[in-house]
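As structure tokens, the structure follows; a few thoughts come after it.
The values are calculated or read from the model by the stated rules, or taken from the named source; none is laboratory data. Here the structure is a predicted model, which is why all the values come from computation and not from measurement. FYI the Cβ positions are ideal-geometry reconstructions off the backbone, even for glycines, and counts take in every protein chain you see. Note: areas computed on protein heavy atoms with side chains; ligands, DNA, RNA excluded. Shrake-Rupley method; radii C 1.70, N 1.55, O 1.52, S 1.80 Å.
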Amino acid sequence: MQRALIIGTGGHCRVILSLLADTKEHEVIGVIELGTPRKNEVILGIPIVGSDSDLESYSKYTNLDIFLAIGDNKQRTNWLKRAHILNFTTPNLISPSAFIHSSVQMGEANIVCGNAFIGPEAVLADNNLINTAVVIEHEVKVGSNCHLAPSSTVCGRSSINDSCFIGAGATVINNIELAIHTKIGAGSTLIQNILEPNGTYVGSPAEKLIF
């Protein structure tokens, strides 16, 4: 059986631990705290075994997979790079209750949570967090390092570029393109292409926030 080490102790750590328990394919050896670990702390019965400075010591382990329990796209991106430098494997983790069509193409380090739906000929690159009950419809393309929050929907043939965030319950209608680093607020409905990077859009229909 493969062993697993979790990076991050926030809410997503609980999600990933529950997914690993459901899939029954890994023995979880511990959790790495991104800051200073609290003494004797455990999460869902799994101990915190060190801080980020201890990660390299685990590179000598065989049959060890790393899972990133980090919601922030930028942090998750940096941690995947670090995992690669240390030659850790970072497989996809998919809930048994998720539906993923057989034609879907998927890279590495993706987390697909319970009751998610990924439709025919969708493409996901690497290191995406697809949260509970997310719908990614047919022929959607999702880049790398994106976070789709619970119950968000991306309709058919839309294109989500790298490092985007789509808030809980938000909807992206069909044939829409999002530029890199786009953020869509919770409950919003996006009906227009977003071609300028780094914008935040809220409302129904969603409009750009001006700071």
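List of remarks:
- Centroid-to-centroid separation of region 98-117 and region 18-48 [C-alpha atoms, Å]: 23 Å
- Given +1 at the Cβ of Lys and Arg, -1 at the Cβ of Asp and Glu and no other charges, the dipole of region 1-152 around its Cα centre is 300 debye to the nearest 20.
- As computed over region 116-211, the Cα convex hull volume per residue (Å³): 69 Å³
- Charge-dipole axis of the chain as Lys and Arg at +1 and Asp and Glu at -1 on Cβ define it, positive-most pick from His181, Ser53, Leu68: Ser53
- Mean separation of Cα contacts under 8 Å (6+ apart) over length of the chain, as relative contact order %: 11 percent
- For region 184-198, Karplus couplings with θ = phi - 60° (6.51, -1.76, 1.60), whole Hz, Gly/Pro x: 10, x, 4, x, 7, 10, 9, 10, 9, 5, 10, 9, 9, x, 6
- Charge dipole (debye, nearest 20) of region 132-211; +1 at Cβ of Lys and Arg, -1 at Cβ of Asp and Glu: 80 debye
- Share antiparallel - DSSP beta bridges, region 133-211, percent rounded to 5: 15 percent
- Relative contact order (%) - criterion: Cα under 8 Å, at least six apart; region: region 140-211: 23 percent
- Accessible-area value, Lys208, 1.4 Å probe, nucleic acids and ligands omitted, Å²: 80 Å²
- Anisotropy class of region 89-170 from Cα gyration tensor, a/c 1.5 cut: rounded
- In the structure shown, the pairs Lys39/Lys183; Lys60/Lys141; Lys81/Lys183; Lys24/Lys183; Lys81/Lys208 are assessed against 28 Å; a Cα-Cα span above that value is assigned to Lys39/Lys183; Lys60/Lys141; Lys24/Lys183; Lys81/Lys208.
- Taking amide H as placed 1.01 Å from N in the peptide plane, the amide H of Val172 sits under 5 Å from that of Thr153, Val154, Cys155, Leu190, each at least 5 places away or on another chain.
- Principal-axis tilt of helix 73-85 within the chain, Cα atoms, nearest 10 degrees: 50 degrees
- Computed over the chain, Kirkwood Rh from alpha-carbon pairs, angstrom: 17.4 Å
- Largest accessible area first, the listed residues Val42, Val202 line up as Val42, Val202 when surface is computed with a 1.4 Å probe on the assembled protein chains.
- Accessible surface for Thr62 stands near 90 Å², nearest 10, in the context of the full protein assembly shown (1.4 Å probe).
- In this view, the solvent-accessible surface of Tyr61, computed with a 1.4 Å probe and all protein chains in place, comes to about 90 Å².
- Of all DSSP beta bridges in the chain, antiparallel share, percent nearest 5: 10 percent
- Karplus (6.51, -1.76, 1.60) ³J(HN,Hα), θ = phi - 60°, over region 47-59, in Hz, Gly and Pro reported as x: x, 7, 9, x, 10, 4, 5, 8, 4, 4, 5, 8, 5
- Based on DSSP H segments of at least four residues, each scored -39500 (n - 2.57), the chain has a per-residue ellipticity at 222 nm of -4000 deg cm²/dmol.
- For Leu124, the residues 5 or more places off, or on other chains, whose built amide H falls under 5 Å of its own are Gln105, Met106, Gly107, Val142.
- Three-way shape label, region 1-67, alpha-carbon gyration tensor, a/c 1.5: oblate
- Mean Cβ neighbour count within 10 Å, used as a protection proxy, ranking 142-149, 78-85 highest first: 142-149, 78-85
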